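Asks: I have a structure I would like to understand better, so I am pasting it below and will then ask my questions one at a time.
Derivation of every value follows stated rules applied to the coordinates shown; laboratory data play no part. Everything numeric in this text was worked out from a predicted model, so none of it was measured. Methodologically, a virtual Cβ is constructed for each residue, glycine included, from the backbone with ideal geometry; neighbour enumeration extends over all protein chains shown.
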């Protein structure tokens, strides 16, 4: 006949390992997401600064060209070409302004991912903490009570995480969003 | 005299892009880093238009709109939401709070300018 003894010590070890191992992995994930977020923010700040400087220089250059086109009696074709380049620059500037906004959206997504990782870490640690409630002398009824409490605690955490971490970013491309006047 | 627009967003790059787009068209832009800062700046200077994000630390966009609408001098000032949020539920909350319109990020500078001109001229 099979033994009815509950391997309580093994169960305790499993819970402790699960918590420690999970926490270790998730801490690395948190560090990497944090670092990616910082790098992204710094890179965008540099791009914005560079873009502003290029735009200022380009506007000055365009103004000079327009003045030259008058004083140097450029042909109509040359004047049209200068104007065409101005329009092209303006169109590209608009595209860049739209594109540079991705930092705001990715920052929100990364922050939410960090909160999710934090939630998972709390969940694993709260499971690991339950090992103290497992006593080798416990029978199956006592174990059922501990497992029931674990489930309840996990469900509570899950519900609060769902409530707090609804996604606010649904965009999957960098096309401009909808506009609605009420 | 140039019309003044208050842009409220916790993202520095987003505020810069809004200011860049509107400055180029002759508007004066005041920047605020969250709803709380936005409310403080709106009280200090009566602006012609408020452009606010929704998800921000300290005070979110909907709370800012409600706070502004409770001030006598902001009852008719247009307030546009500029946010990543696009669900019908949150738009309805924005409308109920007193928002004039809803713009989903990212914005195109020409379309932003067009809507600003339609709202405040």
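Asks: Where is the GNM fluctuation largest for chain B (alpha-carbon springs, 10 angstrom cutoff): B:35, B:98, B:26?
Replies: Looking only at B:35, B:98, B:26, the biggest GNM fluctuation is shown by B:26.
Asks: Now, a different point. Take B:66, B:105 and order them by how many other Cβ atoms sit within 10 Å, fewest up front.
Replies: Values: B:66 13, B:105 27.
Lowest count first: B:66, B:105.
Asks: Ok, one more. Please compute the average number of Cβ atoms from other chains found within 10 Å of each residue's Cβ in peptide B:82-93.
Replies: So the per-residue partner count for this stretch is 3.
Asks: Averaged across orientations, what area in nm² does the convex hull of the alpha carbons in the stretch A:49-105 project?
Replies: Average projection, Cα convex hull of the stretch A:49-105: 4.0 nm².
Asks: Which whole-angstrom value gives the distance between the alpha carbon centres of the stretch B:37-60 and the stretch A:96-114?
Replies: 21 Å
Asks: Before rounding to the nearest 500, sum -39500 (n - 2.57) across all DSSP H runs of length at least 4 in chain A and divide by the residue total; then give [θ] at 222 nm in deg cm²/dmol.
Replies: When only DSSP H runs of four or more count, the value is -28500 deg cm²/dmol.
Asks: Please state, as a whole number in µm²/s, the translational diffusion coefficient that the Stokes-Einstein equation yields for chain B at 25 °C and 0.890 mPa s, with Rh defined as the Kirkwood radius across alpha carbon pairs.
Replies: The calculation lands on 176 µm²/s.
Asks: If you count, for every residue in A:40-48, the Cβ atoms of partner chains within 10 Å of its Cβ, what is the mean?
Replies: 2
Asks: If I model a spin label as a point 7 Å beyond the Cα along the Cα-Cβ vector, how far apart are those points for residue A:122 and residue B:63 in nm?
Replies: 1.9 nm
Asks: Then there is this: Kindly provide the helix-only [θ] at 222 nm of chain B, computed as the sum of -39,500 (n - 2.57) over DSSP H runs of four or more divided by all residues, to the nearest 500 deg cm²/dmol? Walk me through the numbers on the way to the answer.
Replies: Working: 5 runs with 53 residues, N = 121.
Here the helix-only value at 222 nm equals -13000 deg cm²/dmol.
Asks: Hey, another quick one. Using a/c under 1.5 as the rounded threshold, could you call the stretch B:7-74 rounded, prolate or oblate? The axes a ≥ b ≥ c are square roots of the C-alpha gyration tensor eigenvalues, and prolate needs a/b larger than b/c, oblate otherwise.
Replies: Verdict is oblate for the stretch B:7-74.
Asks: Work out the mean other chain Cβ neighbour count within 10 Å for the residues of B:95-104 and drop it here as an integer.
Replies: Numbers: counts 2, 1, 0, 1, 3, 2, 4, 6, 6, 7.
Mean partner shielding for this stretch: 3.
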